[in-house]
Amino acid sequence: MASRCGRDAELTLLIVAGGNSRRMGDDKLMLPVPPNGIPLVRHVAELLLPLATKVVVVANDPDVCTAVRAIGLDGIEREQDRVHDGDLVSCLVDDAPGNGPLGGLATGLRRIDGWALTVAGDMPFLSAATCRYLFHSSDGGCDAVVPVLEGQFQPLHALYNRRCLPAVEKALSAGLRRMDSFWNEVRVRPIPADPLRAFDPDLRTFTNVNTPTEWEEARALLSQG
């Protein structure tokens, strides 16, 4: 039986921060999150920072990179602390822009070893406890761990091992762009939503913001603390 991943396994936080925010109007990744007004993409990174050995952000906007590199490390207790703080955050441009999130995943996987906790940069309610559960659901018997919410897989709230990279690259070479385009080539472990409710009863961890209305609703909840 393969051993389960635990606190000694390397976990990279991979934030896919591309997109053009057409429906939002403004750059949604730079929206100010209450109460301190930090950019949304930095807020996302700080929510999950305690879990990660390092943070890799795939973004073509230099402002996004600057925002994430400004992560405040003081007062954040990390469960994985095997790297120096100066090596914690890397910001990468897409190796091949225009391939969407799947291209961002490929760019990130090429630079890491082990597992990548892969999330979008526009998810203001990410639950570290939920993501920790996903990490501990990963082992040598799978290559990807993907939650399923109301029958829908959540590929940008998931874990992918570097072992997925050849299949991802094969899909991209075939002109495929969907995040699930390579899943028939790897071992995917689906995680149902019910056990995740123990950590996040309303499953807000899966919420992303694409429109001004969605952002106003999220901002109201964030303002409540």
- Task: Look through Pro155, Pro124, Pro147, Pro201 and report the one residue that is within 23 Å of Thr53 (Cβ to Cβ) and part of a loop (DSSP other than H, G, I, E, B).
- Result: Pro155
- Message: On the basis of being at pLDDT below 85, out of contact with any Leu (no Cβ under 9 Å at 6 or more places or on another chain), surrounded by fewer than 19 Cβ atoms within 10 Å (Cβ to Cβ) and among the aliphatic types (A, V, I, L, M), does Val83 make the cut?
- Response: yes
- Going by the structure shown, is Ala106 among the small types (Gly, Ala, Ser), touching a Ser or Thr at 6+ places or on another chain (Cβ under 7 Å) and either part of a strand (DSSP E or B) or more than 26 Å from Leu31 (Cα to Cα) (or both)? no
- Task: From Leu92, Leu73, grab the single residue that is within 15 Å of the chain's Cα centre (by Cα), modelled with pLDDT under 95 and farther than 25 Å from Cys142 by Cα.
- Result: Leu92
- Restricting the first residue to region 185-197 and requiring it to be at pLDDT 95 or above, which pairs with a second residue that is polar (S, T, N, Q) and in a helix (DSSP H, G or I) meet a Cβ separation below 8 Å and a spacing of at least six or different chains? Leu196/Thr130; Leu196/Thr205
- Would you confirm whether any residue within region 161-177 is among the polar types (S, T, N, Q), over 18 Å from the mean Cα position of the chain (by Cα) and not in a loop (DSSP other than H, G, I, E, B)? yes
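The values are calculated or read from the model by the stated rules, or taken from the named source; none is laboratory data. All values reported here derive from a predicted model rather than from experimental measurement. Cβ coordinates were reconstructed from backbone atoms using ideal geometry, including for glycine residues, and neighbour counts include every protein chain displayed.
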